[in-house]
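So the structure is just underneath, and the comments pick up after that.
The values are calculated or read from the model by the stated rules, or taken from the named source; none is laboratory data. What you see is a predicted model, and the numbers here were worked out from it, not measured in a lab. Because the Cβ atoms are built from the backbone with ideal geometry, glycine has one as well, and the counts that use them run over all protein chains shown. To get the accessible areas, we keep the full protein, side chains included, count just its heavy atoms, and leave off ligands, DNA and RNA. Shrake-Rupley method; radii C 1.70, N 1.55, O 1.52, S 1.80 Å.
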Amino acid sequence: PNASGARAIFFAPLTPSLQRLAPDLRVTPPGFDAVAPALAFNRDRWVLAWHDAAAMSVDHEIWGAVRSPSGAELVAARRRTEDRAFSRYPSLVALGDRVLVLWADDRALDGYDLYARMFDRALAPLSREQRVTSAPRDSVYPLATLGPDGDVGVLFRDQRDGRWQVRFTRLQCALPR
């Protein structure tokens, strides 16, 4: 955190022996409080995501950026979710030619639910946002990974029964009818 308490994300390219290749490179714009960073290597680039938790934030949305292995900016930081709710806790699954992003969002007004959206390698949307969970109270902190047969496993924290539990769900690719 800086003097105002805001947190920022920096990129530091390193050698395999952890020697710095360049100075730290700031990823997040000034004035944001970047929280819950997620990172994935997608074929030939680093994909980063986080949420803005600044008290004065007008959006509280998921943000993302793309960097080369050397840290060069390929896609500047910009907002990736578009709603009036509080979007937070992103998780990334790199698929080579695209990236699946999952996050928690409280737009349904009965607590947080998990949402997912597919983006291309430059973080342009490829699909609509899809609601993954639908339960009273909160489903938060998704942790997603590629599973067998191309499915995606999602572990998350859930409070639907009144106490915090860890739950698991699976996402499968289905062709539209």
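What to note about this one:
- Estimated dipole of segment 29-130 in Debye, rounded to 20 [Cβ of Lys and Arg +1, of Asp and Glu -1, Cα centre]: 380 debye
- Once C-alpha pairs closer than 8 Å and six or more residues apart are averaged by separation and normalised to the residue number of the chain, the relative contact order reads 12 percent.
- In range of the label at F41: residues from segment 126-160 whose backbone nitrogen is under 19 Å from the point 7 Å along Cα→Cβ: 144-147
- Overall form of segment 30-126 per C-alpha gyration tensor (a/c, 1.5; a/b vs b/c): oblate
- Per residue solvent-accessible surface (Å²) - segment 51-156, probe of 1.4 Å: 46 Å²
- Vicinal HN-Hα couplings computed from phi for segment 124-130 (Karplus, 6.51 cos²θ - 1.76 cosθ + 1.60; Hz; Gly/Pro x): 8, x, 10, 9, 7, 5, 10
- Rounded percent of accessible protein surface that carbon and sulfur make up, the chain, 1.4 Å probe: 54 percent
- For the chain, the fraction of alpha-carbon pairs lying more than 30 Å apart is 19 percent, rounded to a whole number.
- Distance between the 7 Å Cα→Cβ label points at A22 and R128: 3.9 nm.
- For the listed peptides 18-25, 156-163, a ranking on the average number of other beta carbons within 10 Å per residue, highest first, reads 156-163, 18-25.
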